[in-house]
Amino acid sequence: MPHKTFMWFILPSALAMFLFIFVPIISVIVQSMHIEHEQVLIEVENCGPFGCTPEVNVDQEAMRQLREEQPLGRFNGLGTYTNRAHLAFDEVGEAWATQDTWSGFLSAVYNLPFYKALSFTLTFTFVVTPLVLLFGLFIALGVNSLPRVFKGPTIFVSLLPMIVTPLVGSLILFWMVDAEGVLGAALQNIFDDNSLSLKASPWLTWVMLMVYGVWSSTPFAFVVFYAGLQTVPEDTLEAASLDGAGRWQKVRYVVFPYVAPLAVFITLIQLMDNFRVFEPIVGFSAQASATSLSWVIFNDLRGGDVQLFGSAAATSVLTICGVAILLTPVLIRTWRDFNRKRV
Amino acid sequence: MASKASQRSRGLVILTGVLIVLWAVIASFPFLWTLWGSFKVQGDFFSKADWTNALSGTRTIAETGGYFTLNGYEGAWIEKEFWRAALNTMIVVVCVVVISLTFGTLGGYALARSGYRYAFWLLMLALVFRAMPHITLVSGYLLPFFEWGVWGRLETSIIVLVAINQPFTLWMLHSFFLTIPKDLDESAMVDGCTRFQAFRHVIIPVMWPGVITTGLFSFLLAYNDFAVTAVLLSQDNATMVPKIASFLGSTFEEGNVMFAVAAVVSATAPLFVLILFFQRQIVSGLTAGAVKG
């Protein structure tokens, strides 16, 4: 296809991605180096029946003018990155100097908002992703051996947790594990502990969020693996049996090689999606015990009365760096494959 | 099916059966339970005393006189104006799907038919864009959109969702186009069609399965989105998912949790129907990226 035709065909799509994905990334970087204007204060005489008292007020007119002149706020350089709400170099340094033990240091760092969010995000990503792969593969192997009549309905119910809106899915589970919901009450009965609440304990909240993560992503891995299993040739399996391979050996030496590339694909997608974990935290109202990077950004934008654009942007840039680190191995691999094919 | 390779011992068959049934219950029970509970009063759905109340509907009968009640739905749809959110969702979703598919088929076709290196790099770039958490992009839009006065409008959210959707749409349609033989459009061009005519009259008619599958996923992205719509839409224009989120704060205070439960069930129903009719396309779509890409 000639370059010119190609350009016309790709133009709408490329333009949309350029304007609403690439430009925002630049905009986030610029914004992260600015911070809200300082309040312009004026002193006014407040006169009442008992004489006049001086009072300091925010000069709304001057503030409005300032905002109009510099909508981004004042330049702050990398100040936002290093403040307490983000990388918090000073606080981490202080904790390093004052805390004697590793656990003391770690818990001091964990109390900083950015590191708290980062630790949950990373734990979530690296716990949920392998579990999803494992369960997905087992369910796919199981469904594959079912009689034909049962396959359709099983796939139907399996798709539900994945298709359903993440916020809605997490709410549905949240209501069930609520102390007065059916599962929460059942757990209280089983452990005979009326104060047991999944919401109250930070540790249980983490577990609950990860259970949700596995529940909602397993269907994806299952469907992909299931499709991969259809491509495993019957002849090869039969040949392996004739050669005396047991059931496990057949799975290990015949099935695995066929589904291994799919596992790479699922891992890639899951890493991307789990790293942006956000809706479950809103759905489970878990922000007291677990926050994620996405949630921190959302909270800066919508949480308080004032929108902290600079702070949200700095966290965004750090998140994007995180995504870049996650993706690097994949990109390097693709680059090698591409070069090998060319040669 | 009765080949030697697929024969299994009785014990394994039973074990597999039990595990699959267990999974089916885990996957579907929460939905059935919530659907059932949405027709009850709060005292039954969140019943601390005895969970069987939710089945027998003791409190529901005591409070409303009937075995089932539509109070939750009435409260959500009429009192809290959930119908407005449903309407907004419909507008957003239809526009996003139509625009995404138009842009995506053009771009995906070009990527599949161009043999040059930059096509590969564009796809890689799209993959990187696909990985960007949506909320980071949203934090980039917010300030400019305020400045230009386009914040809070449905159109803004639609175009943003289309753009966020493009990387995925491009990948998927690109892999579908690769399965269509090149000879088809090339012979059309030999017969005197321009590239666009070949695309429009020869390729698109055989592309419908791929377009429908990709459309389903665009639909899901737009329908399920929370990050973009919650931040970019004003209260009046809110779509269903941010509306449900806003229910959470207000209804817990008023004791109207059942409004939120009813809204959640209402928002899930269309997805249920979607899987019912398009299960095959969803499965093939999920695997298209994996098997071919």
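The values are calculated or read from the model by the stated rules, or taken from the named source; none is laboratory data. From a predicted model like this one, the values you see are computed outputs, not experimental measurements. Using ideal geometry, Cβ is built from the backbone for each residue, glycine included, and neighbour counts are taken over all protein chains shown. Note: areas computed on protein heavy atoms with side chains; ligands, DNA, RNA excluded. Shrake-Rupley method; radii C 1.70, N 1.55, O 1.52, S 1.80 Å.
For this structure, a couple of remarks:
- The residue that is nearest to the other protein chains (Cβ to nearest Cβ), among those in region B:16-59 that are charged (D, E, K, R) and open to solvent by 20 Å² or more (accessible area, probe 1.4 Å), is B:LYS48.
- Of the residues A:LEU159, A:LEU137, A:LEU167, the single one that is touching an Asp or Glu at 6+ places or on another chain (Cβ under 8 Å), crowded, with 21+ Cβ neighbours inside 10 Å and either on the phi < 0 side of the Ramachandran plot or not in a helix (DSSP H, G or I) (or both) is A:LEU167.
- For region B:98-115, the condition of being assigned to a helix (DSSP H, G or I), surrounded by fewer than 16 Cβ atoms within 10 Å (Cβ to Cβ) and within 25 Å of the chain's Cα centre (by Cα) holds for at least one residue.
- Count of residues meeting criterion [farther than 21 Å from A:THR319 by Cβ, open to solvent by 30 Å² or more (accessible area, probe 1.4 Å) and not hydroxyl-bearing (Ser, Thr, Tyr)] in region A:264-289: 3
- Scanning region A:45-54 turns up no residue that is more than 14 Å from every other protein chain (Cβ to nearest Cβ) and in contact (Cβ under 8 Å) with a residue 24 or more places away in the chain.
Residues checked against (1) loosely packed, with under 13 Cβ neighbours inside 10 Å; (2) free of Cβ contacts under 8 Å to residues at least 24 places away in the same chain; (3) not β-branched (Val, Ile, Thr):
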{"residue": "A:ASP300", "(1), (2), (3)": "no, yes, yes"}
{"residue": "A:LEU308", "(1), (2), (3)": "no, no, yes"}
{"residue": "A:ILE325", "(1), (2), (3)": "yes, yes, no"}
{"residue": "A:ILE332", "(1), (2), (3)": "yes, yes, no"}
{"residue": "A:PHE338", "(1), (2), (3)": "no, yes, yes"}
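- Unique match (being free of Cβ contacts under 8 Å to residues at least 40 places away in the same chain and open to solvent by less than 40 Å² (accessible area, probe 1.4 Å)) among A:HIS37, A:HIS3, A:HIS86: A:HIS37
- The set of residues from region A:204-240 being of a type in the set (S, T, N, Q) and surrounded by fewer than 19 Cβ atoms within 10 Å (Cβ to Cβ) comprises A:GLN230, A:THR231, A:THR236.
- Within the option set B:LEU216, B:LEU232, B:LEU220, B:LEU184, being exposed (fewer than 14 other Cβ atoms within 10 Å of the Cβ), of a type in the set (A, V, I, L, M, F, W, C) and touching a helix residue (DSSP H, G or I) at 6+ places or on another chain (Cβ under 7 Å) holds for one residue only, B:LEU184.
- Test: residue in region A:257-275 that is in contact with a helix residue (DSSP H, G or I) (Cβ under 6 Å, 6 or more places away or on another chain), more than 24 Å from A:LEU137 (Cβ to Cβ) and either modelled with pLDDT of 90 or more or facing chain B (nearest Cβ under 9 Å) (or both): no
- The listed residues are A:PHE256, A:PHE298, and the only one of them that is within 20 Å of the chain's Cα centre (by Cα) and aromatic (Phe, Trp, Tyr) turns out to be A:PHE298.
- Sole exception among (1) of a type outside the set (Asp, Glu); (2) modelled with pLDDT of 85 or more; (3) within 20 Å of B:TYR73 (Cα to Cα); (4) open to solvent by less than 20 Å² (accessible area, probe 1.4 Å) for B:VAL257, by number: (2)
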